[in-house]
Structures are given as C-alpha cells and as structure tokens.
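Please read the structure below before turning to the comments.
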Amino acid sequence: MSTAGSSRIYLASRSPRRRELLAQIGVEHEVLTQRIKAERGPDVDEEPLPGEKPRDYVMRVCREKVESGWMRVVQRKLPLRGVLAADTTVCIGDEILGTPANTEQAAQFLQRLSGREHEVLTAIAFKLGERMEAELSVTMVRFREIGSAEIERYVASGEPMDKAGAYGIQGRAGAFVAEIRGSYSGVMGLPLYETMLLLRRFGIGPPA
C-alpha cells in the first residue's frame with residue numbers, strides 16, 4: 001500500500017484552497033491547466049438543468065469535471081495518474097446559490113443567507129483509467145443576522161466573487177457563521193475525510 005504523498009495525483013481545479021487542503025493531508029499533486037486549442041470537447045456546463053436538485057447538480061458537475069480532467073491527461077499524453085475533481089454549491093432548500101455573476105448578486109445571496117440555515121454541498125470525484133468514484137459532503141451552516149452595511153463592506157472586499165454562495169468561510173465571512181454541522185473543510189471546497197476515503201480506495205495514502 002502506498003504511503004501518504006508517495007502517489008502523485010492531478011487536481012482538476014485552480015482553487016488555491018483545494019491545493020492547500022490537499023497539502024495539509026500530505027497528498028502530492030499537480031494542477032491540470034486549462035484546455036488548449038488543439039483539444040476538443042465541450043467545457044463543463046455548470047448551469048443547473050431544469051428541475052435539477054442541488055445534490056444531483058453538484059454530483060453531475062463534479063463527475064463531468066473529473067471526466068474532462070482525465071481527457072486532458074490522455075490528450076496531452078501526460079503521465080497516467082489519477083485525477084481529483086471537486087465542486088461546491090450552496091443551497092437553500094432546492095434553490096442553488098452558485099458563484100455570483102456580479103456584486104449586486106453577491107449582495108443578494110448574502111441577504112438571503114442572513115439569519116438562516118443553508119446547506120453546503122461539496123462533491124468530489126477521482127478517476128484513474130476506466131474507474132471513477134465519487135463522494136458527497138453535506139454540511140449545514142447557519143449565519144447570524146448580517147446588516148446591510150456589513151454586507152456592502154464584505155462585497156467591496158472582493159472576497160465573495162469567486163465563491164459559491166458568495167462567501168468563503170476561511171476568510172472574513174467566518175465571522176458570519178453562528179453554527180456549523182458537518183465538514184469545515186467541505187465548506188472550504190474539499191472535504192478531507194471523504195477525500196482520503198476516496199484516495200485510499202485507489203491505493204493512495206496510508207492504510208486505514
């Protein structure tokens with residue numbers, strides 16, 4: 001069985017938070033860069049399908065990301081290592097709050113989340129050859145009441161603009177969180193418990 005860090009993988013994500021989390025558990029990795037012109041195939045469509053439930057949505061997008069990542073490995077003739085992908089979304093009931101398109105939407109999302117509970121769903125998938133497996137992390141997060149001026153300052157910081165639900169728990173928005181039940185690292189974008197479980201199935205990481 002491999003030891004932690006001895007099996008290098010590809011990470012199909014540019015997120016610095018996911019890189020930091022993988023490093024935290026000793027997994028050596030290389031980020032797969034964006035597709036080049038010579039490569040063909042559609043980009044991953046991150047728009048929810050009509051009537052698609054949040055859990056189905058995040059799992060679908062994650063699986064498509066890992067398939068796309070593996071296709072890049074094959075097309076570029078890179079060393080054949082496993083590909084890890086992840087996707088995070090925030091939802092209130094069946095309403096998906098994705099990455100805000102602009103500052104106005106970011107403020108709207110935060111107003112929706114103020115004083116209430118929501119779910120953070122992070123799907124992870126790993127693919128090596130024909131084999132692909134996936135896991136889902138579900139975390140309940142409750143925000144305290146956030147005033148309009150506080151929302152305005154947070155949006156002006158720029159922090160919400162590339163994050164699902166318009167907030168990053170590891171940043172200034174950590175002060176909004178009154179309660180969390182589940183995976184803190186999952187809310188950051190990569191649930192470490194589920195990630196290690198998944199990698200161990202492929203012989204990566206220390207034995208349980």
Next on the checklist: Along the Cα→Cβ direction, 7 angstrom out, place labels at ARG200 and GLU150. What is the inter-label distance in nm?
Outcome noted: 3.9 nm
Item to check | Most mobile of TYR184, TYR193, TYR57 in a GNM of the chain (Cα contacts under 10 Å) | outcome: TYR193
Item to check | Residues in segment 101-144 that a label on GLU95 would reach, taking backbone N under 14 Å of a point 7 Å out along Cα→Cβ | outcome: 105-119
Item to check | Max mean-square fluctuation residue, GNM over the chain, Cα-Cα springs under 10 Å, options LYS127, LYS77, LYS163 | outcome: LYS77
Item to check | Rg and Dmax [Cα atoms of segment 82-208; Å; Rg one decimal, Dmax integer] | outcome: 16.0, 51
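Cβ under 14 Å from VAL141's Cβ, VAL141 left aside: what net charge do those residues give with Lys, Arg +1 and Asp, Glu -1?
Summing Lys and Arg as +1 and Asp and Glu as -1 gives +3.
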Checklist entry - Mean residue ellipticity at 222 nm from the helices of the chain, using -39,500 (n - 2.57) per DSSP H segment of n ≥ 4 over the full residue count, to the nearest 500 deg cm²/dmol? => result -9500 deg cm²/dmol
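Evaluate the relative contact order of segment 9-201 (contact order divided by residue number), counting alpha-carbon pairs under 8 angstrom at least 6 apart; express in whole percent.
22 percent
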Checklist entry - How large is ³J(HN,Hα), in whole Hz, for each residue of segment 174-187 in order, when computed from phi with the Karplus curve 6.51 cos²θ - 1.76 cosθ + 1.60 and θ = phi - 60°, using x for Gly and Pro? => result x, 6, 7, 7, 8, 7, 9, 10, x, 9, 4, 5, x, 5
Checklist outcome for this item: Answer in debye to the nearest 20: the dipole magnitude of the chain about its Cα centre, from +1 Lys/Arg and -1 Asp/Glu charges placed on Cβ, is 820 debye
Checklist entry - Among the DSSP beta bridges whose two residues both lie in the chain, what percent are antiparallel, rounded to the nearest 5? => result 85 percent
Checklist entry - Applying 1/(1 + (r/R0)^6) with R0 = 45 Å to the Cβ-Cβ distance of LYS77 and GLN111, what FRET efficiency is obtained, to the nearest 0.05? => result 0.40
Checklist outcome for this item: When the charge dipole of the chain is computed with +1 at the Cβ of Lys and Arg and -1 at the Cβ of Asp and Glu, the Cα pointing farthest to the positive end, of HIS29, GLY51, ALA149, is that of HIS29
Checklist entry - Length gain on complete extension for the stretch GLU46 to ARG181, per 0.36 nm per residue less the alpha carbon to alpha carbon distance? => result 46.0 nm
Checklist entry - Across segment 9-201, how many lysine pairs, 8 or more apart or on two chains, come within less than 27 Å at their alpha-carbon atoms? => result 11
Item to check | Spin-label model distance (nm) - SER157 vs MET140, 7 Å beyond Cα toward Cβ | outcome: 2.6 nm
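Values quoted throughout were computed directly from the atomic coordinates according to the rules given, and no laboratory measurement underlies them. Since the model is a prediction, treat every value here as computed from it, not as a measurement. With ideal geometry, Cβ positions are generated from the backbone for all residues, glycine too; neighbour counts draw on all protein chains shown.
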